[in-house]
Amino acid sequence: MSAARSSSIDPIQLSGWRWASFLKEAISRLQAQAPEPYPIESTFLDKTDRGGSASRPFEATTQTWGCSTTKLRQVRAACVEAGNAASVLNLVMNPRTSYDLPFFGADLVTLPNGHLIALDLQPALKTDAAHTQAVWARLTPIFERWRAQLPGGGPIPEEAEPFFSPCFLWTRLPLGDEGDALIRDAVFPAYIEYLELYLDLVREAEPVAEERSQQLLDGQRRYTAYRAEKDPARGMLGRFHGSDWTERLIHDVLFDLD
Ligand code: DBV
């Protein structure tokens, strides 16, 4: 294992990457929580491959960034830039199970047919009011405000239901000026509000008893196993970088709880 990039403010150097300001805002807000580098094997820090056909060639770069804090076991970003083929920020914050906290999840995806945006504070124990109530009470007004300004994203697989909150902000936007304006005026401020609420919850969290921690760990394991198994980026990353590398990225970096 080589050391991760240190948690400097602008760790990702991806030219043309649409989501740079989103990651930068998250990293700058994390500074207050004294981030430590999160170890990531060097092959997963920065990978560029070229492929495709003569008529549809691509050059794709995937970079990862990670840190941990006293309350967050792992914060990691997967950043993909492949020109017209894809531009992606997938950001997940995984709390330590000694704190009763949800996950922060953002999936910001630009593909040739449009943008796909998912934002949520996702529960480890969805049916447990002690885990969800205080979070949802504070997130609901934020969700309601921004949902009203964004088109709905359409149906989500039923099997994913246990892992979403009722405040799952999910939209699909067109490429071009209309989508760009909605990303600037609604998606970005919504992302900042989800992020700030999450970091407030983290700051406020107090350690829980060992028994509770075990329940949270069981819930986190179910969530992480689901996300790894169903990762919607698997096909794309496999085409860009090969399936062996992609499987290791998914299991050993992006969803590495075990
Ligand atoms: N999604 C990931 C990781 C990605 C990533 C680690 C490294 O979990 C990107 C990148 N998501 C990604 C891509 C697509 C999606 C789609 C590339 C498009 C896949 C394609 O059309 O080829 C939210 N993301 C999706 C979809 C959902 C989510 C519901 C649509 C799936 C589909 O149409 O089949 N991802 C899902 C989710 C969270 C999340 C609930 C948490 C906030 O990160």
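Could you list, in sequence order, the residues of the stretch 212-236 that are more than 11 Å from the ligand (Cβ to nearest atom) and either touching a His at 6+ places or on another chain (Cβ under 7 Å) or of a type in the set (A, V, I, L, M) (or both)? Passing the criteria: LEU216, LEU217, ALA225. There is no residue in the stretch 237-248 that is assigned to a loop (DSSP other than H, G, I, E, B), within 9 Å of the ligand (Cβ to nearest atom), under 25 Å from PRO57 (Cα atoms) and open to solvent by less than 30 Å² (accessible area, probe 1.4 Å). The single condition from (1) open to solvent by less than 50 Å² (accessible area, probe 1.4 Å); (2) assigned to a strand (DSSP E or B); (3) within 16 Å of the ligand (Cβ to nearest atom) that GLY51 fails is (3). If you check ARG76 against the conditions, is it within 25 Å of LEU169 (Cβ to Cβ), open to solvent by 30 Å² or more (accessible area, probe 1.4 Å) and either in contact (Cβ under 8 Å) with a residue 40 or more places away in the chain or not in a strand (DSSP E or B) (or both)? So ARG76 fails the test.
Just one of the listed residues (ARG239, ARG138) is touching a residue at least 24 places away in the same chain (Cβ under 8 Å) and closer than 25 Å to THR69 by Cβ, namely ARG138. Scan the stretch 144-159 for residues that are loosely packed, with under 13 Cβ neighbours inside 10 Å and either charged (D, E, K, R) or closer than 24 Å to GLN133 by Cβ (or both) and jot them down. Residues satisfying the conditions are GLU144, ALA148, GLU158, GLU159.
The values are calculated or read from the model by the stated rules, or taken from the named source; none is laboratory data. Everything quoted here is computed from the prediction, not taken from an experiment. Ideal geometry is used to build each Cβ from the backbone, glycine not excepted, and the neighbour counts take in all protein chains shown. Heavy atoms of the whole protein, side chains included, go into the accessibility calculation; ligands, DNA and RNA do not. Shrake-Rupley method; radii C 1.70, N 1.55, O 1.52, S 1.80 Å.
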